[in-house]
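Read-outs: derived from the displayed coordinates by stated rules, not from any lab. Remember, it's a predicted structure, so these values are computed and weren't measured experimentally. Methodologically, a virtual Cβ is constructed for each residue, glycine included, from the backbone with ideal geometry; neighbour enumeration extends over all protein chains shown.
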Amino acid sequence: MVPIEYYLGLSAVLFTLGALGVLIRRNAIIIFMSIELMLNSANLLFVAFARLYESMSGQIFVFFVMAVAAAEVAVGLALIVAIFRTKQSIDVDEINMLKG
Amino acid sequence: MIPDIVIFVILSLIAIATALGMLMSKNAIYSALNLILNFCTVAVFYLLLDAAFIALTQVTVYAGAIMVLFLFVIMLLGVERLRTKSTLPWQQPLAFALAVILLVVALYVIFIRTGIYIEASEVVKEGFGSPEAVGTVLFNEYLLPFEVTSVLLLVAIVGAILLTLRQITGKKYIEMEKSDGSD
């Protein structure tokens, strides 16, 4: 197996790119995709450490993270569709009111 | 036999390139496609780490179901191109600087101020990461979280339907009630 430091480094790079995406993009859907990228980098580390310690629990956690991500995407995209219906835009700069 | 480190370097280059492509694409469709490739690359990483079942779940759930949902919503709303005029001009350079600092600090902690990482064994025990091993642990040690996940997915289904339900249905319901009252 490749040393665990390399996986830690790769995961850090992917997580930073995801965080950067949340900060610099204004399209709500791209922001969502960046969040998925961050979740994925965490998943990669879970699996890497599961392999390092030869324990299945890490892989089970990835399984649960995937289930939570699927639920989050379903609700989040529904929210985006609902926002688009009222504001005709999903630019996060324009979504600046709590009232529709 | 290609050594693991060569495969690792090639795959990480693809993963980082596709992540960058996801960030920089002007068109949201290209972003989604880049992200699909990124997820597939991560799935190959999982295979490299002896997690065959998780790798295939990654392809079906992430690259399959979730990203299809993304593509559907992008095409449904027709929002693949958004104007890039920013209302906060200083925000982007600041975000770049902060991201670079975060990355440098993280890499410093991981590679230089390192703790003692244990060496991984070259071979794992028979059947590690197979569906059978995953199922055994999932249904014995993590049965309660598994059941709670089903409730979570149910809530997500109900929530998604409730949020996208058109307002017109509510009005119709009220009108029906009124007509019922007049009868």
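Would you mind ranking B:130, B:25 so that the residue whose beta carbon has the fewest other beta carbons within 10 Å leads the list? Kindly include the intermediate steps, with their values, before the conclusion.
Values: B:130 15, B:25 18.
In order of increasing Cβ crowding within 10 Å: B:130, B:25.
For the range A:55-67, just list the computed ³J(HN,Hα) in residue order, Karplus coefficients 6.51, -1.76 and 1.60, θ = phi - 60°, integers in Hz, with x standing in for Gly and Pro.
10, 7, 4, x, 5, 5, 4, 4, 4, 5, 4, 4, 5
What number does the range A:4-88 give for Rg over Rh if you use C-alpha atoms and the Kirkwood radius?
A ratio of 1.09.
In degrees between 0 and 90, to the nearest 10, how far off the longest principal axis of chain B does helix B:91-107 point, with axes built from Cα atoms?
Once rounded, the angle reads 40 degrees.
Using only the alpha-carbon atoms, how far is helix B:167-182 inclined from the longest principal axis of chain B? Give it as 0 to 90 degrees, nearest 10.
That works out to roughly 30 degrees.
Taking only Cα atoms and a 10 Å spring cutoff, compute GNM fluctuations for chain A and point out the largest among A:36, A:72, A:54.
Greatest mean-square fluctuation among the candidates belongs to A:54.
What chymotrypsin sites (Phe, Trp or Tyr not before Pro) does the range B:45-149 have in DSSP loop regions with at most 11 other beta carbons within 10 Å?
Sites meeting the loop and neighbour criteria: B:90.
Shape verdict for the protein assembly as shown, please, from the Cα gyration tensor: rounded (a/c under 1.5), prolate (a/b greater than b/c) or oblate.
Numbers: a/c = 2.57, a/b = 1.45, b/c = 1.77.
Oblate, because a/c is 1.5 or more while a/b does not exceed b/c.
Are there any GluC sites (Glu not before Pro) in the range B:51-154 that are in a DSSP loop and have at most 14 other Cβ atoms within 10 Å? List them by number. Could you put the intermediate results ahead of the total?
Details: sites: B:80, B:119, B:122, B:126, B:132, B:141, B:147; in loops: B:80, B:119, B:122, B:126, B:141.
When the GluC sites (Glu not before Pro) of the range B:51-154 are filtered for loop state and at most 14 Cβ neighbours within 10 Å, B:119, B:122, B:126, B:141 remain.
For the Cα atoms of chain B, what angle does the longest principal axis make with the long axis of helix B:28-48, in degrees from 0 to 90, nearest 10?
Approximately 40 degrees, to the nearest 10.
So what are the radius of gyration and Dmax for the Cα set of the range B:1-81, in Å?
For the range B:1-81, the Cα radius of gyration and maximum Cα-Cα distance read 14.2, 48 Å.
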